[in-house]
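Read the structure below first, then the notes.
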Amino acid sequence: MSSVLYDAPGPVARRRERIGSVVGALLIVALLALAFRYAEGRGLFGADRWDVLYDPPKNQSAEDVWRSMVVRGLGATLRAAVVAAPLALVLGLLLAMWRTTRIGWLRAPATVVIELFRGLPVLLMMLFALLGFGWDAFAAVVFGLTVYNMAIIAEILRAGLASLPKGQTEAAYAIGLSRAQTLLLVQLPQAVRTMLPSLIAQMVVLLKDSSLGFIVGYPELLKAMQNNAQYFGQKYYVALFVMGAGIYLVVNIALTRLAVWLQGRSARTAGRAAADPTLVTMTTGGPGSHAAGGAV
C-alpha cells in the first residue's frame, strides 16, 4: 500500500522508525533534565526570581507590571499588526493579479517589486522609513511589515493561481467570461481558499516580526519586556521573558487554530458543493442563468 508521495514503509522501516522515535524522545527528556538541573543550580526557580509577576519591588503592583506588558505592550503589537495585515493582504492581492497578466512588459514591474521586497530585511525597511522618510516609529513599523509581507502574500496567491487546473479557465472563457471576470470570479476565490492556511501562517509571521519595532523605538511587547527588565533588575529577566514568551505563544497559537478551523470549514463547504451539484448551479449559474446567456 502506498501514498501519493511515497511508498508505505515495510516492517523493517517501521521498526527503525519506532526505535528512532524512542531514542529521540529519550534524548529530548535528557536535555530537558539537564536544562532543569542547570537552571535549578543557578537559583532560577527561587521565589525571589518570580515575585515580579505577583508582588514586584520598588513600590510597584502586579497590576502595573501586567498592564505594561499586556495592555500597552501587546496592545501596541496588535495595533501595528491590525493596520499592516489588511494593507499587506490588499496590496499582495493586487500584486498577484498584476504579475499574472499576459503582457510581459506590464508584468515585469510587478516581478521586480515582489523580488525586491522579498529580498530585503523587514528591519531595514523599518529603518529606511524612520530615517529616510522621517516617519514616526509606528508608521515605520507598519511600512516595514506591509511592504515585506505584501510581496510574500503575492507569491502565495500566485502559487495558488498556478495550482488551479487550466480547464477551469478554458471553461470560463467558453461561457463568455472575460479575463478579468475569470480571474475575479473563478480563479481567485479558489486560490485564496487553497492557500488560506499559508496566508494565516504569514499573518503569524507578520505579528512576530512586529517585535523588531523595539529597535526603531516602537513600544511593543518586546520593548515592554526590556523596559521592565531594566527597571526591576537583571534577576527578573527570566520571569519577564517567560511572561512575554507566553503572551506571544497564546496569540500565535490562537491564530494557528483559526487557520485550522478555516481550513476545515472550507473543506466542508467544498465537500457539500461536490455532493450536491445544485449548490454549484445556484452559486455559479447553471444553463438557464443570466451568466450563461439564458433568461433572467
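A few remarks follow.
- The local environment of Ala39, defined by Cβ-Cβ distances under 15 Å, has a net charge of +2 under the rule Lys, Arg +1 and Asp, Glu -1.
- Table column - 3J(HN,Hα) (Hz), the stretch 95-112, Karplus curve with 6.51, -1.76, 1.60, x for Gly and Pro: 5, 5, 5, 5, 6, 8, 5, 7, 8, x, 5, 7, 7, 4, x, 5, 4, 5
- Percent RCO, i.e. relative contact order, over the chain, from Cα pairs under 8 Å lying at least 6 residues apart: 20
- Integer Hz, Karplus 6.51/-1.76/1.60 couplings in order for the stretch 184-195, x for Gly and Pro: 7, 9, 10, 7, 4, x, 6, 5, 5, 5, 5, 9
- Leu53/Leu78 FRET efficiency (R0 22 Å; Cβ-Cβ; nearest 0.05): 0.55
- Label-zone membership for the stretch 155-184, site Leu87, 7 angstrom Cα→C-beta point, backbone N under 16 Å: none
- Rounded tilt (10° steps) of 137-162 against the dominant C-alpha axis of the chain: 40
- Of Val250, Val82, Val192, the one that fluctuates the most in a GNM where the chain has Cα springs shorter than 10 Å: Val250
- Ala13-Val242 FRET efficiency (beta carbon distance; Förster radius 41 Å; 0.05 resolution): 0.55
- Under 20 Å from the Phe128 label point (7 Å along Cα→beta-carbon), backbone N, the stretch 210-251: 210-218
- Inter-label distance for Leu255 and Phe45, nm, one decimal - labels placed 7 Å from Cα along Cα-to-Cβ: 3.3
- In order along the stretch 41-53, the phi-based Karplus estimate (6.51 cos²θ - 1.76 cosθ + 1.60, θ = phi - 60°) of 3J(HN,Hα) comes to x, 8, x, 6, 9, x, 4, 5, 8, 10, 5, 5, 7 Hz; Gly and Pro are listed as x.
- Cα-based reach from Lys208 at 27 Å (exclusive), listing lysines while leaving out same-chain residues under 8 positions away: Lys223, Lys235
- Compared with the alpha-carbon gap, the fully stretched path from Asp136 to Val112 is longer by 5.9 nm at 0.36 nm per residue.
- Close amide H partners of Leu44, meaning residues 5 or more places away or on another chain with modelled amide H under 5 Å apart, do not exist here.
- For P(r) over Cα pairs in 5 Å bins from 0, in percent, calculated from these coordinates, the label among [x] 1, 5, 11, 15, 16, 16, 13, 9, 6, 4, 2, 1, 1, 0; [y] 1, 6, 12, 17, 19, 18, 13, 9, 4, 1, 0; [z] 1, 5, 8, 10, 11, 11, 11, 11, 10, 8, 6, 4, 2, 1, 1, 0, 0: [z]
No value in this document is a laboratory result; all are computed from the given coordinates. This is a predicted model, so every value here is computed, not measured. All Cβ positions, even for glycine, are placed from backbone atoms using ideal geometry, and neighbour counts span all protein chains on display.
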